[in-house]
Amino acid sequence: MAKRKIQNEQEVIRWFEEGKTYQWMIDEYKRKYGIETVPSMWGNFRRRRGLDRRITRDDDLIPWEVKEEHRWKYPVAMLRVEARLRDGRELTDADRARLESWKEMLAEEDAVVHYDPDTEDGFHYIKRQAGDVDLIHRPPRKTTARRNADRD
């Protein structure tokens, strides 16, 4: 039988509770135990132990299937921060300040976020239109295709 890579489950659970990133855990296991790990190992551990997801999925705020080249654009990053806020998660002071500033800009410009996957930038700000009741211009239908890893 293969040797288990997790050396101390309580230590790892504490890291999750402290909000350590998977990359931090990978680096720490290599430094501390000389053991190579991958992000999926940590995600599987989290799911098997019933620990909270590390991210918040909100397909009302991000209803699009976002292309790889657009995934780290500022508008979608801010939508993710807003999703964490709405989910009751803690925000860093920096994230909170950036989010407040970003939402003020949207309000001042009377703008919402629009996503067009067929453009170079993907995300754009457009004038708020009738029916735009949140931070985004809602598409006719949701196209997000991510499955919930906790349902397996």
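Structure data summary
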| item | result |
| --- | --- |
| Complete set of residues in the range 21-36 that are of a type outside the set (A, V, I, L, M) and open to solvent by less than 60 Å² (accessible area, probe 1.4 Å) | Y22, E28, Y29, G34 |
| Residues (part of a loop (DSSP other than H, G, I, E, B), touching a residue at least 24 places away in the same chain (Cβ under 8 Å) and open to solvent by 70 Å² or more (accessible area, probe 1.4 Å)) located in the range 118-140 | D121, R138 |
| Selection count, the range 8-20, where residues are open to solvent by less than 30 Å² (accessible area, probe 1.4 Å) and touching an Asp or Glu at 6+ places or on another chain (Cβ under 9 Å) | 2 |
| Selection from the range 98-117 of residues that are surrounded by 13 or more Cβ atoms within 10 Å (Cβ to Cβ) and in a loop (DSSP other than H, G, I, E, B) | D116, P117 |
| Boolean, D95 is open to solvent by less than 60 Å² (accessible area, probe 1.4 Å) and more than 19 Å from T143 (Cα to Cα) | yes |
| Condition met for I35 (among the aliphatic types (A, V, I, L, M), within 30 Å of R138 (Cβ to Cβ) and touching a helix residue (DSSP H, G or I) at 6+ places or on another chain (Cβ under 6 Å)) | no |
| Options W42, W64; residue that is at pLDDT 90 or above and farther than 28 Å from P139 by Cβ | W42 |
| Which numbered condition W72 misses (of (1) over 30 Å from E9 (Cα atoms); (2) open to solvent by less than 60 Å² (accessible area, probe 1.4 Å); (3) hydrophobic (A, V, I, L, M, F, W, C)) | (2) |
| Single residue of R57, R89 found to be touching a residue at least 60 places away in the same chain (Cβ under 8 Å) and either assigned to a loop (DSSP other than H, G, I, E, B) or in contact with an Asp or Glu (Cβ under 8 Å, 6 or more places away or on another chain) (or both) | R57 |
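The values are calculated or read from the model by the stated rules, or taken from the named source; none is laboratory data. Bear in mind the structure is a predicted one, so any value in this text is a computation, not a measurement. Note: ideal-geometry Cβ built from the backbone for every residue, glycine included; neighbour counts use all protein chains shown. Accessible surface is based on the protein model in full, side chains and every heavy atom, while ligands, DNA and RNA are left aside. Shrake-Rupley method; radii C 1.70, N 1.55, O 1.52, S 1.80 Å.
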